[in-house]
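Below is one structure, written out as structure tokens; the observations come after it.
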Amino acid sequence: MVVTRWWRGLQARREEAAVARRAIPDDLWKRTLVRYPFLLRRDPADGAELRRLTSLFLDRKEFTAAGGLRLTDAMVVAIAAQAVLPVLRLGLARYDGFVGIVVHPDQVNARRAVADEQGVVHEYDEALAGEAVDGGPVMLSWRDVRSAGRDGLAYNVVIHEFAHVLDFASGGLAWQAALHDEYERFRARVDACHDVDTTDADFDDVIDPYGAVAPQEFFAVASEAFFVCPQRLQAEHAALYPQLAAFYRQDPAAETPAPRRRG
């Protein structure tokens, strides 16, 4: 018991030093919340914890710019704050499996290869807004990070990729147990939409139709909607919302201010 208290005290002092070392100026934090309003929390204690975890994240992770991009304090704080939002109640230890974050100015073309049922390998290029590799770095397109939450859309590449990081840490349990039935229903709806000769643009849902590709992607895009457009997700997916709330231990539909209506 004495050793446990000593260890906790030591950890607390280390975290206090890290927060002081990577303190976020008040003006920068306020500008970040204005630019990404889904980060706001009704409870000041939650807001303070989000800011504290953002400083800890900045202290523990390594940011690297690629493709001629120049990283600024505003950029790394914006990424860090969105990254820690999903673990606000889960703790940063969920992200211990990686260190590096590579930020490109725009989407990156990646060469892919896939074998069909006959064993023939097909190669193609895929434009990536972000990518998370188990145990490896997280790649992000700054153009896509910057567009998060605009025009009332749930799109958020940071939350998407860090949902994958959480999925890696849980061994897939995030979606295998709780979200399987919801995924199957969603995939059926997307397939039905395509069957009547329509496109993804015609699919009216807060969750991006890309979620029908695989259960892991459904978990990631549903997580985007959960944090960026929680009230709409709750209204459109009444059975899915509480499952995500239980996993993340958050209720953003109640804990965040309702989006402002444009007059």
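All of the numbers you see were taken from the coordinates with simple rules; none came from a lab. Keep in mind that what you see is a predicted model, and the values were worked out from it rather than measured. Here Cβ is always computed from backbone atoms with ideal geometry, including for glycine, and neighbour counts include all displayed protein chains.
Using θ = phi - 60° and the Karplus relation 6.51 cos²θ - 1.76 cosθ + 1.60, list the HN-Hα couplings for the stretch 77-86 in order, rounded to whole Hz, with x at every Gly or Pro.
5, 4, 5, 4, 4, 5, 5, 7, 3, x
Work out the FRET efficiency for Ala258 and Glu117 from their Cβ-Cβ distance, taking R0 = 51 Å, and round it to the nearest 0.05.
0.55
Normalised by the number of residues in the chain, what is the relative contact order in percent for Cα pairs under 8 Å and 6+ residues apart?
Reported as a whole number, the value is 17 percent.
Pulled fully out, how much extra length does the chain show between Glu236 and Asp125, if you take 0.36 nm times their separation in residues and subtract their Cα-Cα distance?
Roughly 36.6 nm would be gained on extension.
Residue by residue through the stretch 219-229, what is 3J(HN,Hα) from phi via Karplus (6.51 cos²θ - 1.76 cosθ + 1.60, θ = phi - 60°)? Round to whole Hz and write x for glycine and proline.
With coefficients 6.51, -1.76 and 1.60, one gets 4, 5, 6, 5, 5, 4, 5, 4, 8, 8, 10 Hz.
Alpha carbon centre of the stretch 213-249 versus the stretch 75-100: separation in Å?
Taking the Cα centre of the stretch 75-100 as reference, the centre of the stretch 213-249 is 18 Å away.
With a sphere of radius 13 Å drawn around the Cβ of Leu179, what net charge do the other residues whose Cβ falls strictly inside it have (Lys, Arg +1; Asp, Glu -1)?
After counting each charged neighbour, the total is -3.
Using the Karplus equation 6.51 cos²θ - 1.76 cosθ + 1.60 (θ = phi - 60°), what ³J(HN,Hα) coupling, rounded to whole Hz, does each residue of the stretch 245-252 give in order, writing x for Gly and Pro?
Karplus values, whole Hz, x for Gly and Pro: 4, 5, 5, 7, 6, 9, 10, x.
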